[in-house]
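Below is one structure, written out as structure tokens; comments come after it.
The values are calculated or read from the model by the stated rules, or taken from the named source; none is laboratory data. These figures come from a predicted structure and were not determined experimentally. Using ideal geometry, Cβ is built from the backbone for each residue, glycine included, and neighbour counts are taken over all protein chains shown. Only protein heavy atoms, including side chains, enter the accessible area calculation; ligands, DNA and RNA are left aside. Shrake-Rupley method; radii C 1.70, N 1.55, O 1.52, S 1.80 Å.
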Amino acid sequence: MDNLLTTYALLGYLKETSSSKAAITELYIPLVKKALSEYATEKGLTEYKGRSLSEIGHKISDIFDIEIPLPILAKIMESVSNDIDDENIFALYQDGSFIIKSYVFDSIDEVIEQEKENLSILECDYISYCSENGYKYDFDELKKFILAQQIDLFTEKRSDLLDVDYFVPKYVHERMNNDSIFKIMSNIYLGSIIAAYLEQNITKKVTDAELLLDTNFFISLIDLNTEDAYHTCNQLFTLCQQLGYRFTMLNSTVNQIRILLSNRINEFASKDFIGSVRCADVFNACIRKNIDKTGLERIKDNLLRLIEERGIVIIYDAQIKEILEKAKRSPDYKELFEKRKNAESALNDTVAKFYVESKRGQNIREFVDAKCWFLHNSFSPYDFNYGRKIHERYMISANELLVLLWLSSPAQGQKIKISDITKGGLASYVTKYRRSKMPTRDTLKIIKRRVDDAMSYGLISEKDTFNLCIRMAEGHLTQEQVDETLLSDNMTDEQFADKLKEYTIEVEQNQQKLKQDADAKIEDLNKKIEVKDSQIQDLNNRLIEIEKSNHERAKQEYVNRQLSKIKRDTIWNIVLAIIIIVLLCINELYKNVLPTHWSSIIAVISIAASTFGPLFFDKTKIKNYFCRKNLKNRLEKEYEKLHKQKRI
């Protein structure tokens, strides 16, 4: 199993189980202690003098495949030295040198093994998922998807998010409802973010900055995007308010929001079709929140009030004339216009870029130095971030900023749940993938017209339409595939309908295969249950036999004890009777003790008392004394009666 992946899972677990106020560096203390322990083991029991912390850094890299910046490692080593608090074991000096003797630290060994086992569980679950659905298994693609944000946010590279097959984000999305599997993915995602964040060496809190809001962020903030997008943007907005951020919005952005809402109002008849395909569309939010056309119009009419209520300051064109003119003449505007074919949208984002650059300050060397960001919640493959370090960028997504602020300000972010961070991050990448793959709105309108025509002629059913929507929503049917298979110039209505039916047949065949596989598993499970039931029945029978045997043995022991007691009492009675008779004979012989009639009376009373007295005091029935033939049966019945009373 990938050692680095295990380290990410371990860091995610340590963050999840640590105090919400704990600094990120505290998570690395167990890792550093483990490295010191391994280092001491290699050097044996003899004293070893290290010349610099880089030696420990190399050992950490060998074990965990991560790099810890030396300034941060120095602080962690100070904490470790204080924890050990024994110079006979470990001593750290101001110049970074150290002396280490015998040191053992195995507190995280079980956790490491557990995380390795969890990764195996995740891999087996993904293998099973691909096998059941007929997908090509490639665990590396799943790893790429989970680690995509780490690459996009903390490196100058572009992740391979769009290169994975459509069923990879589909798997991640479906497993968000499986707590055990999603927790494993969550720990990997979170650990990768923590490891990359530490390498940035961000030591100060980010405060007193301005956030210029983009259209999609505000749409998400008022819950007209996906539910996950709303939670992410709302949590970020609250956290930024606590940190003293200022929120601004270009007036052109306000106009973009109005245009967006107006277009959705005008196209409201297509709400169900478009909303079912595009999960991040306003129409999808309308379906989810049951917003009708009048409700959407009301939101549009109250737009300014919604902006003011949140303390967002609108920047009007008159305030930024120079920036506006500069943007219109810039190559950036021309490039965006060529790609978007929308002058207002291209100009808005270009103005935002120049505005942020004018506000973010000079000598920006790390993330905290930037005083202004263009905050968005959208995905665009042609933005200006790729190939730049974090502090060199002017745009940042809501999820990226939330992660950075949550890690840099644990005290302020303690109310934010780890599950919200991880789910929001992975969900945003599922949305990014699907939005990049699915057909454009114009294409969807054309498909909608052809679907309506085909249904009116009775060529297709609602099931065919539904399967087409699901296929496009999952990114399985891309824009290129739509152009080639559904919207070619020479495709007739009958051919269009046949193609949709092919999709339905494919879905039904997959469902039939899944059903057969499920039936086979159920049948196999039933057989195993029958075997188990048979084994359980055998065990029950054996237990009954053992209980019966124990009962018979206990009864026999009781009968034997009682017989022995009666036998012992009888012997003593006979002995006593003989003694009394002997004494009476002696008395009769010498006639000098008692008269004859008194001696006869005493003899009868003594014999009766010695014979029946013990039986009376032992509460034994007289018939047991005389009827010895059936005594055993009576004792057995007596035991059964006593046993029954005990059970009651």
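Given the protein chains as shown and a 1.4 Å probe, how many square angstrom of Asp85 are accessible, to the nearest 10?
We get 130 Å² for Asp85.
With an 8 Å Cα cut-off and a minimum separation of 6 or more residues, compute the relative contact order for segment 453-545 in percent.
32 percent
Could you pull out the pairs from Lys170/Lys463; Lys339/Lys432; Lys499/Lys521; Lys183/Lys532 whose alpha carbons sit more than 28 Å apart here?
Lys499/Lys521; Lys183/Lys532
In percent, what relative contact order does segment 331-487 have, based on Cα pairs under 8 Å that are 6 or more apart in sequence?
The value is 15 percent.
Can you pick out the pairs among Lys15/Lys417; Lys389/Lys415; Lys157/Lys341 whose Cα atoms lie more than 22 Å from each other?
With Cα atoms farther than 22 Å apart: Lys389/Lys415; Lys157/Lys341.
So what's the gap between the Cα centers of segment 246-305 and segment 461-494, to the nearest angstrom?
Between the Cα centre of segment 246-305 and that of segment 461-494, the gap is 26 Å.
How much accessible area per residue does the chain have, counting only protein heavy atoms and a probe of 1.4 Å, in square angstrom?
In whole numbers, the chain has 53 Å² accessible per residue.
Nearest 20 debye, what's the magnitude of the dipole of segment 407-543 about its Cα centre given +1 on Lys and Arg Cβ and -1 on Asp and Glu Cβ?
Value, rounded to 20: 1000 debye.
Residue separation times 0.36 nm, minus the C-alpha to C-alpha distance between Tyr48 and Asn82: what's the value?
10.3 nm
What aspartates and glutamates does Lys513 reach when the alpha-carbon gap must be under 13 Å and sequence neighbours fewer than 8 apart in one chain are set aside?
Candidates past the 8-residue exclusion: Glu132.
Could you tell me the relative contact order of segment 93-180? Use alpha-carbon pairs under 8 Å, at least six residues apart, and round to a whole percent.
19 percent
How many percent of the accessible area of segment 1-79 is carbon or sulfur, using a 1.4 Å probe?
About 50 percent, which is the carbon plus sulfur part of the accessible surface.
Just want the answer: with Cβ charges of +1 for Lys and Arg and -1 for Asp and Glu, which residue in Ser488, Cys372, Gly475 is farthest toward the dipole's positive end in segment 357-504?
Cys372
Which percent of the accessible heavy-atom area of segment 211-250 goes to carbon and sulfur, probe 1.4 angstrom?
42 percent
Dividing the Cα convex hull volume of segment 185-307 by residue count, how many Å³ per residue is that?
It comes to 132 Å³ per residue, whole-number rounded.
Pairing the Cα long axis of helix 596-617 with the longest principal axis of the chain, what angle in degrees results, from 0 to 90 and rounded to the nearest 10?
It is inclined by approximately 10 degrees.
Can you pull the percent of Cα pairs in segment 16-86 with separation above 13 Å?
Of all Cα-Cα distances in segment 16-86, 67 percent exceed 13 Å.
Report which label in (i) 104, 57, 47; (ii) 95, 65, 58; (iii) 155, 83, 47 holds the value of Cα extents along the principal axes in Å derived from the coordinates of this structure.
The value computed from this structure is option (iii).
How much FRET efficiency would the formula 1/(1 + (r/R0)^6) give for Asp165 and Asp272, where r is the Cβ-Cβ distance and R0 is 22 Å, rounded to 0.05?
0.20
Run the dipole for segment 488-561 about the Cα centre, Lys and Arg Cβ at +1, Asp and Glu Cβ at -1, nothing else charged, and hand back the magnitude in debye, nearest 20.
Here the size comes out at about 1020 debye.
For Arg158, Arg360, Arg450, give the ranking by accessible area with the largest first, probe 1.4 Å.
Largest to smallest exposure gives the sequence Arg158, Arg450, Arg360.
Need the list of lysines near Lys59 for cross-linking: C-alpha distance under 21 angstrom, and skip anything on the same chain fewer than eight residues off.
Correct list for Lys59: Lys33, Lys34, Lys43, Lys49, Lys75, Lys101, Lys116.
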